[in-house]
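The values are calculated or read from the model by the stated rules, or taken from the named source; none is laboratory data. Owing to the predicted nature of the structure, the values given are computational and were not obtained by experimental measurement. Cβ sites come from the backbone with ideal geometry, for glycine too, and all protein chains shown count toward neighbours.
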Amino acid sequence: MILQKNSPPPAVPKKKRRIWPYVAVVFLFFAAAAAGALFASTSLLDKEKPKADEEHLLTAKDKSTIMIMGVDQREDDVGRSDTLMVTMIDPKKNKAALLSVPRDTRVKIKGHGYDKINAAYAYGGHKLSESTVEDLLGVRIDHYIIINTHSFQRIIDALGGIDINVEKRMYYEDPWDDDGGLLIDLKPGMQHMDGKTAVTYVRYRDEEGDIGRIERQQKFMKAVMEKLTSPAIITRLPSVIKEVMDSIETDLSFRQMLEFAGTLKEAQKNGLKTDMVPGRPLYISGISYWIPDIMKLRQTVANTLDIDVNASMRAAMERESHEYESSIPAGATEVPASDTSIGRPKRESSGRSESSSKSSTSREDADDKESKKGGRDRASSASSTEKKGAAQDADDSRTRTEAKSSGASPAATPSAAPTPGAETQKTQ
């Protein structure tokens with residue numbers, strides 16, 4: 001079931017730009033204020049009439065949804081989405097909500113079966129990512145913003161750095177990192193970070209896994225908001241504008257971007273809502289996934305978009321939730337409390353050591369490298385056979401990495417994880 005607004009988004013010229021997701025969003029706040037705030041017309045809500053095959057879809061009035069992706073993209077690498085969030089905007093009421101989607105979220109990708117949601121971009125770019133997110137949330141995506149994460153450091157430097165309260169000791173060292181080595185060495189307390197230091201803060205992953213990283217990104221976003229609304233930023237405006245406009249790819253017109261920014265700026269005053277896809281961690285064939293709670297997720301989205309869920313809508317939600325749960329292989333296992341390869345909701349107390357955080361970050365970084373390798377191989381393969389082989393190699397390597405990190409012997413670890421789509425073949 002797809003929850004849709006009045007109609008598909010208007011066709012606008014594609015303007016290719018790239019930037020890091022949260023920085024892009026909060027910079028737009030300031031741009032709107034500097035340009036005179038909102039325009040009289042609500043261009044984000046201008047809709048075309050629905051197509052014949054879309055008339056059956058449910059509607060939510062006066063709302064707009066924007067998918068924001070941070071992509072680790074290089075010259076020889078199509079990349080995977082490293083950060084994914086959906087912004088739900090109500091320009092008339094100046095309300096907004098940011099929904100973060102863990103990159104390990106298990107979803108069905110059209111033509112590829114079940115896989116982690118960050119693989120959709122490697123398979124089919126932003127269009128396939130959009131349709132995958134729509135199927136997950138049950139709501140139509142109106143617009144998109146794609147960001148190259150490597151632009152992040154330059155943008156923060158253009159802002160003159162950022163002030164943030166580091167919540168705890170953070171240390172991790174990886175001389176084999178793809179960017180020429182990585183050292184994260186942060187002490188707790190309020191700190192002024194330049195671009196390079198800020199990168200280490202948002203990259204750090206502790207025992208909370210991807211979920212903990214999402215919480216830090218949301219915290220960092222709020223710190224950037226404060227910087228962008230300070231009078232001191234005015235003198236840096238030219239350099240900030242240059243970095244931002246050189247760094248994002250979007251189908252939003254400049255006018256729509258300003259309206260989007262103005263709505264978010266006002267929504268911040270009213271209490272900008274941030275949330276994450278609800279769910280639980282599971283192991284499937286030795287690979288960790290975030291399993292979304294479809295019913296709870298769809299209800300949250302419907303509430304945010306002010307859609308009254310009637311009996312037929314609820315029945316459709318329940319049916320799709322049942323279909324998803326039925327697709328999970330019988331051999332799937334719960335992730336042990338001691339396992340930190342995937343995020344989980346934060347617990348009240350930790351008592352965790354620096355060494356356990358280091359082990360967690362190391363394990364997830366290894367998984368990152370294998371995921372990106374799989375994306376590069378699949379994108380460059382000329383045939384479907386080569387694509388499946390590359391995915392198989394990547395999953396095999398990831399499985400061996402997890403076994404090594406957890407202390408399991410090779411014999412106790414599955415020799416091969418399924419290629420993308422293999423789960424679908426088993427369960428359908």
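Is it the case that Gly113 is without any contact (Cβ under 8 Å) to a residue 24 or more places away in the chain and more than 21 Å from Val301 (Cα to Cα)? Spell out how you get there, then give the answer.
Working: without any contact (Cβ under 8 Å) to a residue 24 or more places away in the chain: no; more than 21 Å from Val301 (Cα to Cα): yes.
No; evaluated as a whole, the condition is false for this residue.
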| task | Give the residue, chosen from Ile146, Ile211, that is closer than 30 Å to Lys296 by Cα and modelled with pLDDT of 85 or more. | result | Ile146
| message | Residue under question is Asp82, and the condition is that it be buried (at least 24 other Cβ atoms within 10 Å of the Cβ) and in a strand (DSSP E or B); does it hold? | response | no
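Of all the residues that make up the stretch 241-254, how many are among the polar types (S, T, N, Q) and surrounded by fewer than 19 Cβ atoms within 10 Å (Cβ to Cβ)? Please lay out each step first, then the result.
As a first pass, look at the stretch 241-254 and keep what is among the polar types (S, T, N, Q): 247, 250, 253.
Among the residues that remain, those that are also surrounded by fewer than 19 Cβ atoms within 10 Å (Cβ to Cβ) are: 253.
Counting residues in the stretch 241-254 that are among the polar types (S, T, N, Q) and surrounded by fewer than 19 Cβ atoms within 10 Å (Cβ to Cβ) gives 1.
Just wondering, is there one or more residues in the stretch 246-262 that are farther than 25 Å from Arg140 by Cβ and either free of Cβ contacts under 8 Å to residues at least 24 places away in the same chain or out of contact with any Ser or Thr (no Cβ under 7 Å at 6 or more places or on another chain) (or both)? Reasoning before the result, please.
Within the stretch 246-262, the subset farther than 25 Å from Arg140 by Cβ is 246-247.
Adding the requirement that they be either free of Cβ contacts under 8 Å to residues at least 24 places away in the same chain or out of contact with any Ser or Thr (no Cβ under 7 Å at 6 or more places or on another chain) (or both) leaves 246.
So far as the stretch 246-262 goes, yes, one or more of its residues are farther than 25 Å from Arg140 by Cβ and either free of Cβ contacts under 8 Å to residues at least 24 places away in the same chain or out of contact with any Ser or Thr (no Cβ under 7 Å at 6 or more places or on another chain) (or both).
Please indicate, with yes or no, whether at least one residue in the stretch 225-240 is in contact with a strand residue (DSSP E or B) (Cβ under 7 Å, 6 or more places away or on another chain) and crowded, with 17+ Cβ neighbours inside 10 Å.
First, the residues of the stretch 225-240 that are in contact with a strand residue (DSSP E or B) (Cβ under 7 Å, 6 or more places away or on another chain): 227.
If we keep only those that are crowded, with 17+ Cβ neighbours inside 10 Å too, we end up with 227.
Looking for residues that are in contact with a strand residue (DSSP E or B) (Cβ under 7 Å, 6 or more places away or on another chain) and crowded, with 17+ Cβ neighbours inside 10 Å, one finds at least one in the stretch 225-240, hence yes.
Yes/no matrix, rows are residues, columns are (1) in contact with a Gly (Cβ under 8 Å, 6 or more places away or on another chain); (2) surrounded by fewer than 20 Cβ atoms within 10 Å (Cβ to Cβ); (3) not β-branched (Val, Ile, Thr):
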{"residue": "Glu134", "(1), (2), (3)": "no, yes, yes"}
{"residue": "Gly138", "(1), (2), (3)": "no, no, yes"}
{"residue": "Asp142", "(1), (2), (3)": "no, no, yes"}
{"residue": "Ser151", "(1), (2), (3)": "no, no, yes"}
{"residue": "Ile162", "(1), (2), (3)": "no, no, no"}
{"residue": "Asp174", "(1), (2), (3)": "yes, yes, yes"}
{"residue": "Leu183", "(1), (2), (3)": "no, yes, yes"}
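Residues in the stretch 318-335: is at least one among the aromatic types (Phe, Trp, Tyr), in contact with a Pro (Cβ under 6 Å, 6 or more places away or on another chain) and surrounded by 14 or more Cβ atoms within 10 Å (Cβ to Cβ)? Write out each step before concluding.
So in the stretch 318-335, the residues among the aromatic types (Phe, Trp, Tyr) come out as 324.
From what is left, the residues that are in contact with a Pro (Cβ under 6 Å, 6 or more places away or on another chain) are none.
Looking for residues that are among the aromatic types (Phe, Trp, Tyr), in contact with a Pro (Cβ under 6 Å, 6 or more places away or on another chain) and surrounded by 14 or more Cβ atoms within 10 Å (Cβ to Cβ), one finds none in the stretch 318-335, hence no.
Name the strands (runs of 3 or more DSSP E) wholly within the stretch 249-313 that hold at least 3 residues that are of a type in the set (A, V, I, L, M)? Show your work before the answer.
Details: elements: 273-276, 279-284, 287-292.
Per the criteria, no element qualifies.
So which of Met276, Met221, Met313, Met257 ends up being more than 21 Å from Leu98 (Cβ to Cβ), buried (at least 17 other Cβ atoms within 10 Å of the Cβ) and out of contact with any His (no Cβ under 6 Å at 6 or more places or on another chain)?
Details: Met276 fails: more than 21 Å from Leu98 (Cβ to Cβ); Met221 fails: more than 21 Å from Leu98 (Cβ to Cβ); Met257 fails: more than 21 Å from Leu98 (Cβ to Cβ).
Matching residue, one of Met276, Met221, Met313, Met257: Met313.
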